[in-house]
Amino acid sequence: MSGRFFWFCVTLIGYVYAGYPALLTVLARLRPQPLFAPPADLPIVTLLIAAYNEQNVIAAKLNNSLALDYPRDRLQILVAADGSDDATPDIVADFADCGVELSYRPERAGKLAAITRALAQARGEIIVLSDANNLYDAGALRALVAPFADPSVGATTGAKVIANGDGALGDSEGLYWKYESYIKRQETRLGSCTGAVGEIMAVRRGLLDQPLLPEARLMADDLALAMHVLKQGYRVVYTPNARSIERVSASAQDEQERRARIVAQRFVLMRHSHKMLPLSNPLLVWQIVSHKYLRPFVPLAMIGALLANLAAVIRPAAQGGMLRLASPFNWVMLALQAVFYALAWMGGRNECRGIWGKALYIPAFLVNGNRAALVGLYRFLTGRHTSLWNRVQRRERESSASDQRRVNLSYRVLSGKENNP
């Protein structure tokens, strides 16, 4: 019995991380590669930036936004700073002469509530959602809006890129997002993505005029809005040429906190599946279950595999070979698990440099991520999840001051305000 349960757990882990992407790749090859021609007339875009207590980064974000390669007369920059009790609203107000607009009230009700309230000021046909701590490539907005020429597309999402130079944690996080990007490419080719990256996501304004379910307030904004679009029968498309660059969390503990919050929100979605899932599209439901629903159960499968393996060692099966973890397979599998967790422990103690240090940190990244998922599950079961979130610190780049001057100069040159560059 323990052997079969062990292999059930291992199969679940394998399916989530490798089986689903493999099946997705095979099915996607049956569809032509989607090509999206840019629209003849660029739509009016509202770049809606959510900023809660972001006084350290909001100026750089606004300078970056003002320097984007998009017609200024067709771009509205709007900052939703609800609940901020630092200098964020004042800094945004200083950009008013550049056309930047502010949506602010002192009360804090969560990110999605701030976004929803700010929509009353939005004038764009397309709403691009962004955070304050990420920077866009110059052509990001043009890439995001191109697929909207297809009336079946309700939302687009870009590529999240982790900046270089953040050590093993940054390398592992960057590798994870490359893996996620691959899945999004295949999902788009098959028909639609199952989610979006919250800091670089564009949605048709008409879809946002439809009220979200009340339960959405306890979900992440990207998750809730993506499911809202899919539920209405529209597609979510991945646009890899729209790149958002950001720093990794300041520490592994900060990253775990962020992931725990995401997992708790994922369980809220599962609880309300009958309201959120696009049940008229079975293929898309399979994608959502495989990509979004099963991931939070991986840590339980890891624990189950370890306990089943220990049981097979304590009370080994008389026969049955590998399927029942009879000797010596029970010891072999236990040794492999012991090596994996030992590597994770070593990788988590310090961030080693070089290729071996990076490789060593991957098991630590996986274990830490799944440990955070357990915390998220605990918060969901105990009702400790909330629509409010604590800001996670990001690593500062050493050249931030010079980068700031360069972005500032870019905007002034592009806008004709720099007489002596």
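Tell me the helices (runs of 4 or more DSSP H) entirely within the range 221-330 that contain at least 3 residues that are β-branched (Val, Ile, Thr) and either open to solvent by less than 10 Å² (accessible area, probe 1.4 Å) or more than 30 Å from Ala140 (Cα to Cα) (or both).
In the range 221-330, the matching helices (runs of 4 or more DSSP H) lie at 298-314.
Go through the range 69-85 and count every residue that is of a type outside the set (S, T, N, Q) and either open to solvent by less than 10 Å² (accessible area, probe 1.4 Å) or within 25 Å of Ile262 (Cα to Cα) (or both).
Of the residues in that region, 8 qualify.
Quick check: anything in the range 162-184 basic (Lys, Arg), in contact (Cβ under 8 Å) with a residue 12 or more places away in the chain, out of contact with any Leu (no Cβ under 6 Å at 6 or more places or on another chain) and closer than 13 Å to Val236 by Cβ? Let's see the steps before the verdict.
Pass one, the range 162-184, residues basic (Lys, Arg): 178, 184.
In the following step, the residues that additionally are in contact (Cβ under 8 Å) with a residue 12 or more places away in the chain were identified as 184.
Next, from what is left, pick out any that are out of contact with any Leu (no Cβ under 6 Å at 6 or more places or on another chain): 184.
Keeping just the survivors that are closer than 13 Å to Val236 by Cβ gives 184.
Yes; the residues of the range 162-184 include at least one that is basic (Lys, Arg), in contact (Cβ under 8 Å) with a residue 12 or more places away in the chain, out of contact with any Leu (no Cβ under 6 Å at 6 or more places or on another chain) and closer than 13 Å to Val236 by Cβ.
Condition (residue is in a helix (DSSP H, G or I), within 17 Å of the chain's Cα centre (by Cα) and in contact (Cβ under 8 Å) with a residue 60 or more places away in the chain) applied to the range 196-215: is it met by at least one residue?
The answer is no, given that none of the residues of the range 196-215 is in a helix (DSSP H, G or I), within 17 Å of the chain's Cα centre (by Cα) and in contact (Cβ under 8 Å) with a residue 60 or more places away in the chain.
When you check Leu141 against the structure, is it surrounded by fewer than 22 Cβ atoms within 10 Å (Cβ to Cβ) and hydrophobic (A, V, I, L, M, F, W, C), yes or no?
Criteria not met by Leu141.
Results for (1) modelled with pLDDT of 95 or more; (2) over 25 Å from the mean Cα position of the chain (by Cα); (3) not in a helix (DSSP H, G or I), shown as yes or no for each residue.
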{"position": "Arg4", "(1), (2), (3)": "no, yes, no"}
{"position": "Val16", "(1), (2), (3)": "yes, no, no"}
{"position": "Ala22", "(1), (2), (3)": "yes, no, no"}
{"position": "Val26", "(1), (2), (3)": "yes, no, no"}
{"position": "Gln33", "(1), (2), (3)": "no, no, yes"}
{"position": "Pro39", "(1), (2), (3)": "no, yes, yes"}
{"position": "Ile49", "(1), (2), (3)": "yes, no, yes"}
{"position": "Asn56", "(1), (2), (3)": "no, no, yes"}
{"position": "Leu62", "(1), (2), (3)": "yes, no, no"}
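Any residue that is more than 24 Å from Glu54 (Cβ to Cβ) and either touching a Lys or Arg at 6+ places or on another chain (Cβ under 9 Å) or assigned to a strand (DSSP E or B) (or both) - is there at least one of those in the range 125-135?
Yes, there is a match, as at least one residue in the range 125-135 is more than 24 Å from Glu54 (Cβ to Cβ) and either touching a Lys or Arg at 6+ places or on another chain (Cβ under 9 Å) or assigned to a strand (DSSP E or B) (or both).
Whether any residue in the range 30-50 is without any contact (Cβ under 8 Å) to a residue 12 or more places away in the chain and in contact with a strand residue (DSSP E or B) (Cβ under 7 Å, 6 or more places away or on another chain) is what I want to check.
Among the residues of the range 30-50, not one is without any contact (Cβ under 8 Å) to a residue 12 or more places away in the chain and in contact with a strand residue (DSSP E or B) (Cβ under 7 Å, 6 or more places away or on another chain), which makes the answer no.
Taking the condition of being under 20 Å from Ile245 (Cα atoms) and open to solvent by 20 Å² or more (accessible area, probe 1.4 Å), how many residues in the range 33-52 meet it?
1
If you check Ile183 against the conditions, is it crowded, with 19+ Cβ neighbours inside 10 Å and in a strand (DSSP E or B)?
Working: crowded, with 19+ Cβ neighbours inside 10 Å: yes; in a strand (DSSP E or B): no.
For Ile183, the condition - crowded, with 19+ Cβ neighbours inside 10 Å and in a strand (DSSP E or B) - is not met.
For the range 144-153, give me the residue count where each residue is open to solvent by 10 Å² or more (accessible area, probe 1.4 Å), touching a residue at least 12 places away in the same chain (Cβ under 8 Å) and not in a helix (DSSP H, G or I).
Counting residues in the range 144-153 that are open to solvent by 10 Å² or more (accessible area, probe 1.4 Å), touching a residue at least 12 places away in the same chain (Cβ under 8 Å) and not in a helix (DSSP H, G or I) gives 2.
Taking Thr156, is it within 30 Å of Arg29 (Cα to Cα) and in a strand (DSSP E or B)?
Working: within 30 Å of Arg29 (Cα to Cα): yes; in a strand (DSSP E or B): yes.
So Thr156 passes the test.
For Gln76, all conditions in the list (1) more than 19 Å from Ala202 (Cβ to Cβ); (2) in contact with a strand residue (DSSP E or B) (Cβ under 9 Å, 6 or more places away or on another chain); (3) of a type in the set (S, T, N, Q) hold save one; what is the number of the exception?
(1)
I'd like the full set of residues that are surrounded by fewer than 19 Cβ atoms within 10 Å (Cβ to Cβ) and either closer than 29 Å to Asn64 by Cβ or in contact with a Phe, Trp or Tyr (Cβ under 8 Å, 6 or more places away or on another chain) (or both), limited to the range 187-216.
If the condition is that a residue be surrounded by fewer than 19 Cβ atoms within 10 Å (Cβ to Cβ) and either closer than 29 Å to Asn64 by Cβ or in contact with a Phe, Trp or Tyr (Cβ under 8 Å, 6 or more places away or on another chain) (or both), then Arg205, Gly206, Leu207, Asp209, Leu212 are the ones that fit.
Among the numbered criteria (1) on the phi < 0 side of the Ramachandran plot; (2) open to solvent by 10 Å² or more (accessible area, probe 1.4 Å); (3) modelled with pLDDT of 95 or more; (4) in contact with a helix residue (DSSP H, G or I) (Cβ under 9 Å, 6 or more places away or on another chain), which single criterion is violated by Ala96?
Checking Ala96 against (1) on the phi < 0 side of the Ramachandran plot; (2) open to solvent by 10 Å² or more (accessible area, probe 1.4 Å); (3) modelled with pLDDT of 95 or more; (4) in contact with a helix residue (DSSP H, G or I) (Cβ under 9 Å, 6 or more places away or on another chain), the one that fails is (4).
The values are calculated or read from the model by the stated rules, or taken from the named source; none is laboratory data. Just so you know, these numbers come straight off a predicted model, no measurement behind them. Here Cβ is always computed from backbone atoms with ideal geometry, including for glycine, and neighbour counts include all displayed protein chains. Each accessible area value is taken on the protein alone, full model and side chains, heavy atoms only, with ligands, DNA and RNA left out. Shrake-Rupley method; radii C 1.70, N 1.55, O 1.52, S 1.80 Å.
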